[in-house]
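To keep things clear, I will list the structure first and then write my remarks on it.
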């Protein structure tokens, strides 16, 4: 399975767009989306020709208090069905399962009893064996599976190669490049993509990318990876996501030349729903503190705090993070 | 003069950063910056190791009413000197002169009587001969000169090549790629850069880039061009500029590995001055209407109107622009 590459005018039928608005955007509002919002998003994605919609996490209710999060932190089957029914559409349903924070045996049904199509396992590079176990478990239950290696910008090439080799030999269908800290530039994404695609070709795995916008690179990195042959592309409405947010789906769909995608339903959803969220006071997107954690290649949590506290002493913040974490 | 190329870790002494905050940001507030703002910006640029600071336009007072614009629309010598004195620093002073909107004979002094170092002539591709005349005039007066071909995304390769050949044979020092509509992607910038650099090498001209952020590509396009060998890089504080704005200088300086640049004075300036401008209600930066004009490769003026009118009916706006202009 040689990766397909492309230029601006070429059309790549292998490309799949994954809307992660609820899942990554849920990190902004603790997953408290209204049912109306989620239903409209689902319909917009179906109309726009989006390939997958990620509804949230399959988080353990032993570990997380159900009273402190909206339901999309848990994605119970009945909640999914209340939105999608039997999901008689071409849009596939995805959920994310974090290593160490999921009760697979309890929460993952047999595929025949679920509307979920894809389970994406989120892992750091030092928990790859656990991630593979989880993905194998879900695969055996009948799902498509992905292993998403987070915070890849902090890993050495040697570790990444070893991790990819392990995952390559597993039954998982997809492997994701995840720039959790939004610290990478396109030329790094290019090299990383080639490393992942080599393993993907060897073992028959699709490669995906999930980018963050700390340095205004989420969309640029996504299309750089696309040009190299990466084919699973994460994006969110108005780039909604933790901290600086993600690749904006409106920019991505505008870029892709595949005629099956339609941008009008995306614009309609943004004007009807995303504008409201912003007016209600939800905050995400590029800002100086995120640039700083991205530049220094550290977790955005201190930048998120900085913005919550409405601190604008950026020069101090830069020195703080430099001294403390970088 | 072969263009130098670079990777992330290499250091390119040929690179020059041009702060265009007053000039392009002036299109947001009709050039009404306070003297304090401009003085602080000048000092920040000096401290940060920025190479050029563009103070504004040399606009004709016959054509433009001096009562309707701040002084940086005109950049009188005494106004410049009130900020920079004799400019006894390493920061060079730039101004922009639009073809057809400048009284060169009246407004451009002999270099020996001016603190200006660089005059950049802004032209559309159909007024190149006039632009060359203007650049030659300024060159003869003793200035460095640049010819900046605007709205390049609407020109054919054949026209661009012909224009570059003409400019190549002229006395101008620099030629700029200007993506006025913010409609280009990195792979297009790559090809355009190669076209410009070929002429630059042949005739001994430096090549520059001025990018807009309609599709969140201003910074990505700037560093793509840089990697190819483009060496004059325009950027502005917090990306301030018309419509979707420009390449953010804080992101660019963070990216560049040249140890002469310092990012702290940039953060300090942003926290002290740019935050205030935003609070006062000045608006620029990525938004859906700009994405739409960028996607459709048209002038951002209708997007600017759309945002001024606080319209958020993006799907309608998209259809309007599609029908009317694209």
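The values are calculated or read from the model by the stated rules, or taken from the named source; none is laboratory data. This structure is a prediction, so every number in the text was calculated from the model and none was measured. Glycine gets a Cβ as well: all are built from the backbone with ideal geometry, and neighbour counts include every protein chain shown.
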Practice prompt. Considering (1) within 14 Å of another protein chain (Cβ to nearest Cβ); (2) over 29 Å from residue B:189 (Cβ atoms), say which one residue A:149 fails and leave the rest.
Written response: (1)
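Table: residues versus (1) modelled with pLDDT of 95 or more; (2) under 26 Å from residue A:180 (Cα atoms).
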site	(1), (2)
A:88	yes, no
A:95	yes, yes
A:100	no, yes
A:110	yes, no
Discussion item. Going residue by residue through the stretch A:91-100, is there one that turns out to be in contact with a helix residue (DSSP H, G or I) (Cβ under 7 Å, 6 or more places away or on another chain), in a loop (DSSP other than H, G, I, E, B) and within 14 Å of chain B (Cβ to nearest Cβ)?
Written reply: no
Item to complete: Could you list, in sequence order, all residues of the stretch A:223-235 that are within 13 Å of another protein chain (Cβ to nearest Cβ) and part of a strand (DSSP E or B)?
Response: A:235
Item to complete: Filter the stretch A:201-222 down to residues that are in contact with a helix residue (DSSP H, G or I) (Cβ under 8 Å, 6 or more places away or on another chain) and part of a helix (DSSP H, G or I), then give me how many there are.
Response: 7
Practice prompt. Could you tell me whether any residue of the stretch A:192-211 is at the interface with another protein chain (Cβ under 9 Å from one of its Cβ atoms) and either buried (at least 24 other Cβ atoms within 10 Å of the Cβ) or closer than 19 Å to residue B:185 by Cα (or both)?
Written response: no
Practice prompt. Please work out if residue B:287 is more than 17 Å from residue A:248 (Cβ to Cβ) and either at pLDDT 95 or above or facing chain A (nearest Cβ under 9 Å) (or both).
Written response: no
Worksheet item: Restricting attention to the stretch B:100-127, which residues are under 18 Å from residue B:163 (Cβ atoms), touching a residue at least 24 places away in the same chain (Cβ under 8 Å) and surrounded by fewer than 22 Cβ atoms within 10 Å (Cβ to Cβ)?
Response: B:100, B:124, B:125, B:127
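Which members of the stretch B:115-162 meet the condition of being in a loop (DSSP other than H, G, I, E, B), under 21 Å from the mean Cα position of the chain (by Cα) and farther than 14 Å from residue B:177 by Cα?
B:115, B:116, B:117, B:143
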Item to complete: From B:14, B:24, grab the single residue that is part of a helix (DSSP H, G or I) and closer than 21 Å to residue B:196 by Cβ.
Response: B:24
Fill in: Per-region count, the stretch B:1-45, residues out of contact with any helix residue (DSSP H, G or I) (no Cβ under 7 Å at 6 or more places or on another chain) and buried (at least 24 other Cβ atoms within 10 Å of the Cβ)
6
Practice prompt. Kindly indicate which of B:281, B:294 is closer than 23 Å to residue B:154 by Cα and either at pLDDT 95 or above or more than 11 Å from every other protein chain (Cβ to nearest Cβ) (or both).
Written response: B:294
